[in-house]
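Structure, as structure tokens:
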Amino acid sequence: MYSSLKYIPSIFVKQNPLQFTFFVTSRCNARCPFCFYWQDRHSKQDELSLDEIEKVSRSLGDLLWLLFSGGEIYLRKDLPQIVDAFYRNNHPVIITLPTNGLAPDLILPRTEEILSRSANSTVVVKVSLDGLGEKHDSVRNTPGSFEKAMETWEGLRRLCERYQNLQIGINTVFCRENQDDMDEIIDFVNGLPGCETHTISMVRGNPADGSYKRIDLDKYRRAVDRLETDLKGARPKMYHFTLARLKSAQDLVQRRLIYETLRQGRRQLPCYAGRITAVMNEVGGVFPCEILSDLMGNVRDNGYDLMRVFRSAEADAVRARINKTRCYCSHECYFVTNILFNPRMYGQVIRQYMELPGQSR
Ligand code: SF4
């Protein structure tokens, strides 16, 4: 297994992407009204080819965390080859693959192929679940999606029996339409066989239907408090991977910070987006994060050298703007790196760590 410990010196080298997010496609088989990526659709013909992606991955150094996003990522039939390029060239400790679960016939064989080629990485597949039964279908405006997501889940659970490096979890988008259903969703996920993690992600960006963002912050607080109670009450199967207790402690700190960010309407800690994180979209545009549309450059104009883009004057200007404007958001992925790579946060993380049950559970 690749080790995350080698990244600790990088705490002090903050202009090298260790967390890389690749939007492999904007195509999707669902039409969720809360999607934040509905305006930037590109056709299949415009997407970076496998050959181009291989060149980009060769330009990057080793990665701590490789995330894929979209669109529905499994619609790309070369997804296993794309993951393999990053696996060979960048040795990611963690590879995260989110899916709406709508196409088990694509998701299951492609996940298995990825697993068979990525033995040294922890592969995390996150299935979306935003309600139970027809409620999930209606929140996502996609009939039949709950049934398909559960079919996908069962297939992934079976894969877990054969691949030690696979972890499966659920992601729930917290939005106006499901904010009153959090307890029943959490209960359901707690009972899902094989479930390792449950993330509740705040609805973000500019969704197609803006009404989904009219959330009640107190209800979000109650949902994250419930997750915290479950974690401290030692639900035994959650978070048992390497450095798991530390990750759980970071999660607890993160949820409180997100709540405070939204409650106070200002940033709670510096953001390292564009320093240790980079995002590339399906046509080669490079951005500091998934939220800002500030383009640092395009790999197609830079010989597929992502580091050249990352070290450009445009990228410097984007980073300076993020600092100057004291940019803030609720995006969970960026809180992960903003906490783990900020030594000033370690006191809070250690306090939470001490309150968590030990590894014997
Ligand atoms: S605070 Fe959020 S939107 Fe702003 S740069 Fe960081 S990740 Fe991007």
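The values are calculated or read from the model by the stated rules, or taken from the named source; none is laboratory data. Small disclaimer: the values here were computed from a predicted structure and weren't measured. Methodologically, a virtual Cβ is constructed for each residue, glycine included, from the backbone with ideal geometry; neighbour enumeration extends over all protein chains shown. For accessibility, only protein heavy atoms count, side chains too; no ligands or nucleic acids. Shrake-Rupley method; radii C 1.70, N 1.55, O 1.52, S 1.80 Å.
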Item to complete: Out of the residues in segment 264-299 that are out of contact with any strand residue (DSSP E or B) (no Cβ under 9 Å at 6 or more places or on another chain) and open to solvent by 30 Å² or more (accessible area, probe 1.4 Å), state the one that is nearest to the ligand (Cβ to nearest atom).
Response: R267
Discussion item. Condition (residue is more than 18 Å from the chain's Cα centre (by Cα), not acidic (D, E) and not in a loop (DSSP other than H, G, I, E, B)) applied to segment 267-282: is it met by at least one residue?
Written reply: no
Fill in: Cβ pairs under 9 Å, 6+ apart, first in segment 25-53 and in contact (Cβ under 8 Å) with a residue 24 or more places away in the chain, second surrounded by fewer than 17 Cβ atoms within 10 Å (Cβ to Cβ) and not in a loop (DSSP other than H, G, I, E, B)
T25/K44; R27/K44; P33/S211; F34/K213; L48/R300; L50/Q81; E52/R300; I53/Q81
Worksheet item: D316 is checked against (1) within 9 Å of the ligand (Cβ to nearest atom); (2) more than 30 Å from A223 (Cβ to Cβ) and fails just one. What number does that condition carry?
Response: (1)
Discussion item. Criterion first (under 18 Å from I200 (Cβ atoms), assigned to a loop (DSSP other than H, G, I, E, B), open to solvent by less than 10 Å² (accessible area, probe 1.4 Å) and in contact (Cβ under 8 Å) with a residue 12 or more places away in the chain) does G169 satisfy it?
Written reply: no
Item to complete: For segment 316-343, name all the residues that are among the charged types (D, E, K, R) and over 15 Å from R256 (Cβ atoms).
Response: D316, R319, R321, K324, R326
Worksheet entry | All positions within segment 310-341 that are surrounded by fewer than 17 Cβ atoms within 10 Å (Cβ to Cβ) and either part of a helix (DSSP H, G or I) or not hydroxyl-bearing (S, T, Y) (or both) | R311, A313, E314, D316, A317, A320, R321, N323, K324, R326
Discussion item. Can you list residue pairs whose Cβ atoms sit under 7 Å apart, with the first residue in segment 321-334 being near the ligand (Cβ under 8 Å from one of its atoms) and the second being small (G, A, S) and not in a loop (DSSP other than H, G, I, E, B)? Count only pairs 6 or more apart in sequence or on different chains.
Written reply: I322/A273; Y334/A273
Practice prompt. Read through the list (1) among the aliphatic types (A, V, I, L, M); (2) assigned to a loop (DSSP other than H, G, I, E, B); (3) out of contact with any Leu (no Cβ under 9 Å at 6 or more places or on another chain), then give the number of the only condition that L63 fails.
Written response: (3)
